[in-house]
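Okay, so here's the structure we're looking at.
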Amino acid sequence: MTNNAERLTLKEKLDLVKSRARIMGFRRHDLEDAVQEVMLSVLEFVYDPEQPNGGTETTALITVIDRKLVSLKRVERRHSKIAQWATDELAAKCQGFEDGPFVEDDSALNRLTSEEVASIIATMDDDMQQVCRLLMDGQTENAIAEQLGMGWQRVARLVTLIRERLEAAGFTAADAE
């Protein structure tokens, strides 16, 4: 495609992302979302041909793309496991009941709505909001620290502060499920 001295065009980068996503098993309906996510990382990537490793821009980009796609697949697997668990739990609770079990569930009345959680997050400073968003994307504390250029101790402290704020507002582990 190119040698060390040449630079990839935006079209070539986009084609590379699409081909790597197809290789990693992204289906047509997920491909567009994956490409959008990965292209942000690709556009932030700056290739330095003076690096002593001797890799081409294409090789370096493939590494960036593959890492992001693996991360997206990991998040997708987590979400599908949670959805399957919830489906299994619901099926087990409703087994034998055509319209579902007749149980008064007061816990739902005490749960925070997504709007309430969003308003709590809106009151947080920028660093806490960024950490919160990345946590919701399935990132680890170490990955967040690296991505935001913070120390892992600072990220861990921000996570603790976020948890404390949500718990003070009545957010529980049941709400997270």
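The values are calculated or read from the model by the stated rules, or taken from the named source; none is laboratory data. Keep in mind it's a predicted model, so treat the numbers as computed, not measured. Here the Cβ is made from the backbone with ideal geometry for all residues, glycine too, and neighbour counts use every protein chain on show.
Close Cβ contacts (under 6 Å, 6 or more residues apart or on different chains) running from residues in region 53-81 that are in contact (Cβ under 8 Å) with a residue 40 or more places away in the chain to residues that are among the aromatic types (Phe, Trp, Tyr) comprise Glu57/Tyr47. When the residues of region 129-142 are narrowed to those that are surrounded by fewer than 16 Cβ atoms within 10 Å (Cβ to Cβ) and not polar (S, T, N, Q), which ends up farthest from the chain's Cα centre (by Cα)? Out of the qualifying residues, it is Arg133.
In this structure, Leu69 does satisfy being out of contact with any strand residue (DSSP E or B) (no Cβ under 8 Å at 6 or more places or on another chain), within 18 Å of Gln139 (Cβ to Cβ), in a helix (DSSP H, G or I) and at pLDDT 85 or above. In region 15-26, the residues that are free of Cβ contacts under 8 Å to residues at least 60 places away in the same chain reach residues that are part of a loop (DSSP other than H, G, I, E, B) and surrounded by 14 or more Cβ atoms within 10 Å (Cβ to Cβ) with C-beta atoms within less than 8 angstrom, at least six apart or across chains, in these pairs: Leu16/Leu8. If you go through region 114-138 and keep only what is more than 23 Å from Leu72 (Cα to Cα) and not in a helix (DSSP H, G or I), you end up with Thr123, Met124, Asp125.
Considering each of Leu14, Leu61, Leu31, Leu43 in turn, give the residue that is closer than 20 Å to Asp137 by Cα, surrounded by 12 or more Cβ atoms within 10 Å (Cβ to Cβ) and out of contact with any Gly (no Cβ under 6 Å at 6 or more places or on another chain).
Numbers: Leu14 fails: closer than 20 Å to Asp137 by Cα; Leu61 fails: closer than 20 Å to Asp137 by Cα; Leu43 fails: surrounded by 12 or more Cβ atoms within 10 Å (Cβ to Cβ).
Leu31 is the lone residue from the list that is closer than 20 Å to Asp137 by Cα, surrounded by 12 or more Cβ atoms within 10 Å (Cβ to Cβ) and out of contact with any Gly (no Cβ under 6 Å at 6 or more places or on another chain).
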